[in-house]
Amino acid sequence: MSRIAQIVETSPKNTVESIQTELLKRICFLDYQPGDQLKESELAAEFGVSRTPVRDAIGRISYLGLVETRNGVGTVVVALTAAQIRYVYDMRLELASLIGTKSPRAITLADRETGKGLLEEARALCVSFESKRYVEINHRLHELIANLIGNSTLQSFWRQTYHQAASTWYRVGNLVGPDVALALVVELEEINTALKLGDVAAIGFIQRTHIGYGYQRIKEHLLSSEVE
């Protein structure tokens, strides 16, 4: 490999980690739907890399259960089963209660400003709902909360279960519409109060409560006819 090619392949936009992050985002945001094929050659051309980092990125995603390799087809995006969704939400509920107890990071002015901005956007979403904007606001809220977790192992599990749950929850957002925006406003109002007080533990319990509400909506709108 030439020196120029090495520089291209290791640039910040083309690392295995950055490709993995982008592919996960597309799956979570429903840009890739269940059944869509991830073609290594096309992705390699898009990211300007060889197929090796793309293959490595897809391999890292596969352990989450969001993609699978099928004989004669290739790698495809898959939806979690009802049982898998239940397991993921059971874990998220348990992990949320640990956020404020396992080496939480101190809340900063920047965190508070981020929380205020998200709340303003969520309120605007109630007036003019767009499912894509709803997903983006939720994703940034996830990043805000994940970055408050000082324990790297807990943070890793928190991010993992978010990625496993996100596409399922965002499917509900598409089905329910503006009602999920109202629920998001309530959640963000509570989180902003906790941010103002510097109470990371409260944020964890707020998340636990609203994750529970979200799972109830999933069972109502997506899993009511499925056998776990």
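The values are calculated or read from the model by the stated rules, or taken from the named source; none is laboratory data. If you're wondering where the values come from, they're calculated on a predicted model, not measured in any experiment. Every residue, glycine among them, receives a Cβ derived from its backbone with ideal geometry; neighbour counts consider all protein chains shown. The protein model used for the area step is the full one, side chains on, heavy atoms only, and it has no ligands, DNA or RNA in it. Shrake-Rupley method; radii C 1.70, N 1.55, O 1.52, S 1.80 Å.
Annotations for the structure displayed:
- Taking amide H positions as modeled 1.01 Å from N, with prolines and chain starts lacking one, the residues under 5 Å from Thr75 and 5 or more places away or on another chain are Leu38, Arg70.
- For the chain, accessible area per residue (1.4 Å probe, heavy atoms of protein chains only), Å²: 51
- Spacing of the two label points (7 Å from each Cα toward its C-beta) at Leu64 and Lys102, in nm: 1.8
- Kyte-Doolittle at least 0.5, axis length at least 24 Å by Cα - qualifying DSSP helices, the chain: 178-197
- With 0.36 nm allotted per residue and the present C-alpha distance subtracted, the Ser18-Asn147 stretch has 44.7 nm of extension available.
- Close amide H pairs (under 5 Å, H built 1.01 Å from N) link Gly100 with Gly204, residues at least 5 positions away or on another chain.
- The slack between Thr81 and Ser41, meaning 0.36 nm per residue of separation minus the straight C-alpha distance, is 11.5 nm.
- Ratio Rg/Rh [Cα only; Rh per Kirkwood] for the stretch 105-228: 0.97
- Extension gain, Arg26 back to Leu182 (0.36 nm per residue minus Cα-Cα distance, nm): 53.7 nm
- Cross-link table Lys39/Lys102; Lys196/Lys219; Lys25/Lys102, entries beyond 31 Å C-alpha to C-alpha: Lys39/Lys102; Lys196/Lys219
- Under 16 Å from the Cα of Lys116 - aspartates and glutamates, other chains or at least 8 residues apart: Glu136, Glu143, Glu187, Glu189, Glu190, Asp199
- Legend: calculated FRET efficiency, Ala124 to Thr193, from the Cβ-Cβ distance at R0 = 25 Å, rounded to 0.05, equals 0.80.
- Taking a ≥ b ≥ c as the square roots of the eigenvalues of the Cα gyration tensor, an a/c ratio of 1.5 or more together with a/b no larger than b/c marks the stretch 110-161 as oblate.
- Highest average first, the peptides 50-62, 107-119 ordered by how many other beta carbon atoms sit within 10 Å of their residues are 50-62, 107-119.
- Among the protein heavy atoms of the stretch 89-162, carbon and sulfur supply 53% of the accessible surface, probe 1.4 Å, non-protein parts ignored.
- MRE, 222 nm, helices only [DSSP H, n ≥ 4, -39500 (n - 2.57), over the chain, to nearest 500]: -22500 deg cm²/dmol
- The charge dipole of the chain, taken about its Cα centre with unit charges on the Cβ of Lys, Arg, Asp and Glu (plus for the first two, minus for the last two), comes to roughly 320 debye.
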